[in-house]
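The values are calculated or read from the model by the stated rules, or taken from the named source; none is laboratory data. For clarity, every value in this text was computed on a predicted model and none was experimentally measured. Note that each Cβ is placed from the backbone with ideal geometry, even for glycine, and that neighbours are counted across all protein chains shown. Surface accessibility is based on the protein's heavy atoms, side chains included, excluding ligands, DNA and RNA. Shrake-Rupley method; radii C 1.70, N 1.55, O 1.52, S 1.80 Å.
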Amino acid sequence: MRDRVFDGACPLCRREIVLMRRLDRRGAICFIDVSNATTACPIDRAALLARFHASENGRLFSGARAFAAMWRAIPMLRPLGILADLPWARPVFEAAYLGFLRLRPRLRLVS
């Protein structure tokens, strides 16, 4: 089982997780909503809410690498996850993720 930590208070994040759950037909991913104060957190809750996190093979990833790990767990998205984790591609995907984080507050308002 692979854990994915997300902000359940974010409408945009919730919609994305609904899509990922639909694509994860094998149930390989355990999605954990850390916006709930009773959820146990492996690291600081604020850090978990600031960026997307995922664990894979005992390692915790954040940002674009966390998305790559999630994509690798879903057969249909696995090629994208492998591509996104190639050393030359990591900075490109991380830059795109950082751009998304800057837009995220505005996107939440229109969600």
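Mind listing the lone cysteines of the chain, meaning no other Cys beta-carbon sits under 4.7 Å from theirs?
For the chain, the answer is CYS30, CYS41, because their Cβ atoms have no other cysteine Cβ under 4.7 Å.
Roll a 1.4 angstrom probe over the protein heavy atoms and tell me the percent of accessible area of the chain that is carbon or sulfur.
Numbers: 4010 of 6450 Å².
In the chain, the share of accessible area belonging to carbon and sulfur is 62 percent.
Which log10 I(q)/I(0) values does the chain give at q = 0.20 Å⁻¹ under the Debye formula, counting every alpha carbon as one identical point scatterer?
-1.16
Take every DSSP beta bridge with both residues inside the chain and express the antiparallel ones as a percent of the total, to the nearest 5.
Numbers: 6 of 11 bridges.
Of those bridges, close to 55 percent are antiparallel.
For the chain, modelled as a GNM with alpha-carbon contacts under 10 angstrom, which of PRO75, PRO11, PRO42 fluctuates the most?
Highest fluctuation among the options: PRO42.
Stretch LEU98-LEU19 to full length: gain in nm at 0.36 nm per residue minus the Cα-Cα span? Walk me through the numbers on the way to the answer.
On the way: separation 79, 0.36 × 79 = 28.44 nm, distance 2.15 nm.
Length gained, LEU98 through LEU19: 26.3 nm.
Calculate, for the chain, the solvent-accessible area per residue in square angstrom, rolling a 1.4 angstrom probe over the heavy atoms of the protein chains.
Working: 6450 Å² over 111 residues.
Spelled out: the 1.4 Å probe surface of the chain, per residue, equals 58 Å².
List every residue whose amide H lies under 5 Å from the amide H of PHE52, counting only residues 5 or more places away in sequence or on a different chain, with H placed 1.01 Å from N in the peptide plane.
GLY63
Step through the residues of region 55-64 one at a time and calculate ³J(HN,Hα) from phi using the Karplus curve (6.51 cos²θ - 1.76 cosθ + 1.60, θ = phi - 60°), rounding each to whole Hz and writing x for Gly and Pro.
Once θ is set to phi - 60°, the couplings for region 55-64 become 10, 8, 6, x, 10, 9, 10, 9, x, 4 Hz.
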